[in-house]
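Engineer: Take a look at this one; I'll ask things after.
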Amino acid sequence: MENVNDSLKNLNERYSKWQMKQIDYLTFNINLILTLSLGILVYLLNSKNADKLETRTIADSPNFKVYTILLVIIITIGVVINIVRYFDFKYTKDVIKTRKKLVTEKVENEIEKLNKKLSCLKCTTAILGGFSKCLFIGMSILFLFTVWKIVLDI
């Protein structure tokens, strides 16, 4: 009985940890996307309205629209990654909840259902994790490419 209590305590701690990670992660990323979006918007607007006699700005570039589209694509990918990661954390939390139920469940039929659910949740989190990793790598490469093109174009 003590082993079950230790397992439940451990699972409760892990569940709380993942729940807090989910909240912190979501808050951080909402603020990050908002800040980056506003920063890029202000930069583009300022460069479009800058005094063209004194300095050359990115708005003078023939590729201005291309850069704007690339930055919007990067922001869109970032939003999609945040949604995917949100569900990844949610399902990871559900994995822990299901494991908790497995520790306390006594009915064989219910244990089988919980094991199937656990297997499905673990598969889902693996897919979501891999998908967000691929999106993040793509977004990072596109971001670096865009920044370097902007710098070389100025």
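Engineer: Please list, or write none, the lysines whose alpha carbon is within less than 17 Å of the alpha carbon of LYS17, excluding same-chain residues fewer than 8 places away.
Structural biologist: Here the lysines satisfying the reach criterion relative to LYS17 are LYS9, LYS90, LYS93, LYS97, LYS100.
Engineer: Rounded to two decimal places and with Rh computed the Kirkwood way over Cα pairs, what is Rg over Rh for the range 69-142?
Structural biologist: On the way: Rg = 16.7 Å, Rh = 13.8 Å.
Rounded to two decimals, Rg/Rh equals 1.21.
Engineer: Considering only protein heavy atoms, what is the solvent-accessible area of ARG85 at a probe of 1.4 Å, reported in Å² to the nearest 10?
Structural biologist: 60
Engineer: While we're on this one: Taking the chain as a Gaussian network, Cα atoms linked when under 10 Å apart, which of THR124, THR104, THR92 shows the biggest mean-square fluctuation?
Structural biologist: So, out of THR124, THR104, THR92, the one fluctuating most is THR104.
Engineer: With a Cα-only, solvent-free Debye model of the chain, what are the log10 I(q)/I(0) values at q = 0.09, 0.10, 0.11, 0.18 Å⁻¹?
Structural biologist: -0.48, -0.55, -0.61, -1.06
Engineer: Here's another thing I want to ask about it. Along each principal axis of its Cα atoms, how long is the range 112-152 end to end? Whole angstroms, biggest number first, please.
Structural biologist: Its Cα atoms span 60, 7, 5 Å along the three principal axes.
Engineer: For the chain, what are the DSSP H helices with axial Cα length of 27 Å or more and mean Kyte-Doolittle hydropathy of at least 0.0? Walk me through the numbers on the way to the answer.
Structural biologist: Details: long enough: 2-49 (70 Å, -0.20); 64-104 (61 Å, 0.84); 108-153 (67 Å, 0.71).
TM-like helix candidates: 64-104, 108-153.
The values are calculated or read from the model by the stated rules, or taken from the named source; none is laboratory data. For clarity, every value in this text was computed on a predicted model and none was experimentally measured. All accessible areas refer to the heavy atoms of the entire protein, side chains included, with ligands and DNA or RNA removed. Shrake-Rupley method; radii C 1.70, N 1.55, O 1.52, S 1.80 Å.
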